[in-house]
Structures are given as structure tokens and as C-alpha cells.
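Visitor: Just passing along the structure, written as C-alpha cells.
Only the coordinates and a few stated rules stand behind these numbers; no lab work does. Please read these numbers as outputs of a predicted model, since none were measured by experiment. No Cβ is skipped: glycine too gets one built from the backbone with ideal geometry, and neighbour counts run over all protein chains shown.
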Amino acid sequence: MSENQSDVLLKVGTNELEIIEFYINEHGAGDQGEPVHFGVNVAKVLEVIELPDHKRPSAPPHPSYLGTIPLRDRILPIIDLAVCLDMVREPSPYEVVLVTQFNQRTTGFLVSGVTRIFRLPWTEVQPPSRYLTSMDCNCVTGTVTLDGHFALLLDLERLIVDLDPDLGADAEVDAGPDADRDAGGPLRALVSEDSTTMRSLVRQKLQEARFATEAFQNGQEAWNRLKDMRDDVAARGRPITDLLDVVISDIEMPAMDGYTLTRHIKEDPVLKVLPVILFSSLITDELRHKGESVGADDQISKPEFGTLAQRAMALIRAARATA
């Protein structure tokens, strides 16, 4: 897959995603192992390459780290995904590397093979079971059936953070006094994020910046709450800003994604005044136009976490100035 193909030709805001399916042959079932199927958003995959010969480090910083390879203008670190998932991979002569890019990092993940790209609605993605969420890596974001078999959608960002704890270090947030409302109460944010860890972290940082927050695990739940708020203020003849100041949403979520949530908000005559921030590892210069096309007021990549509260306040001030 070429780099240009990472910009998937989907109409933004239709609540669809495209995933690239791959598999790892797990040791213990047949000569070539039993394939276990996984998927990841194709927008995070730059290309798929065959694993070249390379020198493995004698003392790797993590058991999954296989060293680096040159890839055009990059030095690409290679991670054995099976090790991260506590699987024993059955070696094969022709293994492949998913070259991914997210959170401003390019990483290669070694897998046994790639099947194809699937397009499907987010409504077909089921939340992971309690068993899957209790796994040590806690990196499964959803499950889906593809061509009659079961596949796990992976949170590769979580894996990278587990490998490099410095990436998960809390960012400093300097909110300043403007986080308090003029009338004395806190600013109010609605957060939509499917990752339990990230949802808790976003709420914590916003609360440190004196925001009152309400959080939901997918866009559909957030949209249902927004409609309830809309109906409440409409019945009382009041503006939506009596109840809420800003919406902050991830992009990749089961049931309804962040692009679709944003489009719903901006097409609603009452809710459209609310600033919407998309906060995701998918925010890159190449994909920023997708958020713009559905009316997002700001887009923040997860490495820019420390700026989230300040940028939310800037949007709120701007919205009040034009009200």
C-alpha cells in the first residue's frame, strides 16, 4: 500500500471506517500455526513491506524490539507484535511489516501476513468483552466479524506507550484563571473517548484546569446526551451554552465515530454554536482536511495533550465574542 493510500477514499462523517486486516500464525496448530486475525484503521498504515534481513540487538530494551531497518529517509524501529500480545508466533519464510504512523511516530510491526482492506460501519464494531479488557496489554478496542471469522481491533498507541512509558507521562497543563466562568462556575466540557485510560486522563486534566466534565465511551452515547441537552434548553427557551461550553471527541470509536458526531453537531441548528475539538492520534497534516470537512473547530494530536485545555478555552472565548 502506498503512502497516498493512507488517505482513505471515504466520505467523511458517514460513520464508516476502513481497516486493514492482518494475522499472526500462533504456534501449536499445524505446520504453519493457527492464524489469529487482527485489524487496525488503514489510515494509520503507510505501507506493508516484507521483513528484510537486519541485525537484531543483543540486549534489546524490550523483548519485542527487533532493531531498526532503513526505509528511504527513515530509520524504522521494528516491533514483534506477537511478543506484545503474549503470543508465540510460528516463524515463516516471508513475514511482513506494517509500517504505521500515528502520534507523530513511525513504527514497524512484524506480523505473519496481511489479507485485505475492509470497509464497514462503526455500528458493526462491538466493544471488547470484559475478558479482553482485563488482558495485561489492554490493547483491544473492539471486535468485528470479517468474511465469517472473528477479528480483534488493536490499539497500537497503547502498545507503544507500554513499550516506552515516557510517551505516557502526564503532560503539564497550565490552564490559568480563565478556566472559571465569568458567572463563577466552571466551564463545562463533554468528552467522547472509547479508551478507558485516555478518557480518565482527559477528564483528570480538564478538571485540573477547573472544567466540569461529562464523559462518554462512544459518539453515539455522546450524541444521545447532546440531544437531551438540546431538548431541555429548547423547552425553556434558553441557549445550549447554558448547559455546555465545548465538546472534545476522539475519532475512532464504536457505534459512532468522532467525524460523524462532529457532523451531527454542526448540522444541528441549536448545537452548532458549540466548539468541537477532535483529539486523536489520527490528527496529521495529511488527514487534517477530514476534520475540517465536518466542521471541527480544532484538531489536536495526542502528543499535543498539554495544550488541550488552553485551546478549548480559546475556542470558548471566541464563540462568546461572536454570540
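Visitor: Restricting to bridges with both residues inside the chain, how much of the DSSP beta-bridge set is antiparallel, in percent to the nearest 5?
Guide: Of all bridge pairs located within the chain, approximately 65 percent are antiparallel.
Visitor: Additional query: Can you figure out the FRET efficiency of Arg225 with Ser58, using R₀ = 51 Å and their beta-carbon distance, to the nearest 0.05?
Guide: The calculated FRET efficiency here is 0.40.
Visitor: Between Gly13 and residues 5 or more places away or on another chain, which pairs have amide H atoms under 5 Å apart, with H built 1.01 Å from N, and which residues are they?
Guide: Amide H neighbours of Gly13, under 5 Å, 5+ apart: Thr260.
Visitor: I need the calculated FRET efficiency for the pair Glu286 and Thr123, taking r as the beta carbon distance and R₀ as 25 Å, to the nearest 0.05.
Guide: 0.40
Visitor: Follow-up question, since we're still on this one. Answer rounded, prolate or oblate for region 170-322, using the Cα gyration tensor with square roots of eigenvalues a ≥ b ≥ c: rounded when a/c is under 1.5, else prolate when a/b is larger than b/c, else oblate.
Guide: rounded
Visitor: Something else now. Could you pull out every residue, at least 5 positions away or on a different chain, whose amide H is within less than 5 Å of the one on Leu46? Hs are placed 1.01 Å off N in the peptide plane, and Pro or chain starts have none.
Guide: For Leu46, whose amide H was placed from the backbone, the distant partners under 5 Å are Val99, Thr100, Gln101.
Visitor: Stretch Val270-Thr197 to full length: gain in nm at 0.36 nm per residue minus the Cα-Cα span? Don't skip to the end; give the middle numbers.
Guide: Details: separation 73, 0.36 × 73 = 26.28 nm, distance 3.16 nm.
Gain on extension, Val270 to Thr197, equals 23.1 nm.
Visitor: Just subtract the alpha-carbon distance of Val83 and Ala235 from 0.36 nm times their residue separation and send over the number in nm, one decimal. Walk me through the numbers before you get to the answer.
Guide: Working: separation 152, 0.36 × 152 = 54.72 nm, distance 5.58 nm.
Result for the pair: 49.1 nm of gain on full extension.
Visitor: Same structure again: Highest mean first, what order results for 237-243, 290-296, 151-157 on Cβ atoms within 10 Å? Please list the in-between numbers first.
Guide: Numbers: 237-243: 13.6, 290-296: 19.4, 151-157: 21.9.
With the highest mean Cβ count within 10 Å placed first, the list reads 151-157, 290-296, 237-243.
Visitor: From the cross-link list Lys44/Lys302; Lys44/Lys272; Lys227/Lys272; Lys205/Lys227; Lys266/Lys290, which pairs have alpha carbons spaced over 21 Å apart?
Guide: Lys44/Lys272; Lys205/Lys227
Visitor: Where does the chain land at 222 nm, in deg cm²/dmol rounded to the nearest 500, when only DSSP H runs of n ≥ 4 count, each adding -39500 (n - 2.57), divided by all residues?
Guide: On the way: 8 runs with 78 residues, N = 323.
Result for the chain, helices only: -7000 deg cm²/dmol.
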